[in-house]
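Data first, discussion second: the structure below is written as structure tokens.
Only the coordinates and a few stated rules stand behind these numbers; no lab work does. Keep in mind that this is a model prediction, so the values were computed, not measured. With ideal geometry, Cβ positions are generated from the backbone for all residues, glycine too; neighbour counts draw on all protein chains shown.
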Amino acid sequence: MIIIKTAEEIEKMRKAGALAGQVLSYIEPYVNEGVSTLELDNLCAEFTKNHGAISAPLNYHGFPKSICTSINNVVCHGIPSVKDILKNGDIVNIDVTVILDGYHGDTSRTFMVGDVDEKIVNLVTRTEKAMYRGIAAVKAGKYLYEVGRAIEKYIAKFGYSIVQTYGGHGIGKDFHEDPHVLHHFSQHNKIRLKEGMIFTVEPMINMGQSNQVETSTTDDWTVTTADGSISAQFEHTILVTSGEAEILTAR
Ligand code: MF3
Ligand code: CO
Ligand code: CO
């Protein structure tokens, strides 16, 4: 069941979304060669707490840290670690979810560390553009599958692949609500959009030809590309309106 948010809930979602966006802005200058992802985790956790909010990932189904940090071939759900030190040429997705006054805001972006290979820069900029294409397809009265259709159409020409194993999600009082948002075209998303629906658009794009992913058997969280190729991701939380979708996690 997809929850239609009330005006009061939407106001709270705007505040939670804005704070999640602020966490990403805050962390940006720290994302440099030599920093560990654990340091980034600590900084984001502290900032979130100081703003009266809770880091949603911490203890979520046993997740051990406050943000997800996914480097290079890690698709999503990377666990911050003192052992993961960013180096020149890396890309890292930082995924921030906060709970403010009982409501969630969820956003991520892929950062580039130092001099990144031009092919990888292209993957990152195109993945961000794919997210915005998907968001632009959202409007009350349309079907949700327009999101996946728009992303697929844009991505097709690059020879990349769109991860299908994970998707976007409704969000509100709960971190993950209905609907499950696919980033490829599928009749499973033949769901009529209504004003007041709130969900994420968060495409994961692999540079290689395989959309297959694997989950670490060591930590049960870290998702990597099966072929070892680089993967990028961007995410916003959005509100369906009668016009353009409102991006709640804008920076
Ligand atoms: N923030 C992720 C998402 O976009 C979910 C992370 S779940 C966690 O849905 F447990 F790994 F934090
Ligand atoms: Co997220
Ligand atoms: Co999400």
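Quick look at the values:
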| read-out | value |
| --- | --- |
| Cα gyration tensor shape of the range 68-136, rounded if a/c is under 1.5, else prolate or oblate by comparing a/b with b/c | oblate |
| Karplus-derived 3J(HN,Hα), 6.51/-1.76/1.60, for each residue of the range 34-44, Hz, glycine and proline x | x, 8, 8, 5, 5, 4, 5, 4, 4, 5, 5 |
| Computed magnitude of the charge dipole of the chain (debye, nearest 20; Cβ of K, R +1, Cβ of D, E -1) | 820 debye |
| The chain: calculated mean residue ellipticity at 222 nm from DSSP helix runs of at least 4, using -39500 (n - 2.57) | -8500 deg cm²/dmol |
| Greater than 27 Å apart at Cα, pairs in Lys65/Lys139; Lys12/Lys65; Lys15/Lys83; Lys5/Lys142 | Lys65/Lys139; Lys15/Lys83 |
| Cβ charges +1 (Lys, Arg) and -1 (Asp, Glu), total dipole of the range 67-156, debye | 400 debye |
| Relative contact order (%) - criterion: Cα under 8 Å, at least six apart; region: the chain | 24 percent |
| Under-5 Å amide H pairs with Met204, H placed in peptide plane, nonlocal only | Val163 |
| Point-charge dipole on Cβ atoms (K/R +1, D/E -1) for the range 1-129, about Cα centre, debye to 20 | 240 debye |
| Selection from Val201, Val96, Ala16, by position along the positive dipole direction of the chain (Cβ) | Val201 |
| Extreme residue, positive dipole direction of the chain, given options Leu182, Gly34, Gly78 (C-beta unit charges) | Leu182 |
| Cα gyration tensor category, rounded, prolate or oblate, for the range 1-101 with a/c compared to 1.5 | prolate |
| Three-way shape call for the chain based on the alpha-carbon gyration tensor, with the a/c threshold at 1.5 | oblate |
| Backbone HN-Hα couplings from phi across the range 93-105 [Karplus 6.51/-1.76/1.60, Hz, Gly and Pro as x] | 8, 10, 10, 10, 10, 10, 10, 10, 6, x, 10, 9, x |
| Average Cα contact separation per residue, the range 208-251, under 8 Å, 6 or more apart, as relative contact order % | 25 percent |
| Gain upon complete extension [Thr6, Arg251; 0.36 nm per residue less C-alpha separation] | 85.8 nm |
| ³J(HN,Hα) computed for each position of the range 109-123 - Karplus, 6.51 cos²θ - 1.76 cosθ + 1.60, integer Hz, glycine/proline x | 8, 9, 9, 10, 9, x, 8, 9, 3, 4, 4, 6, 4, 4, 4 |
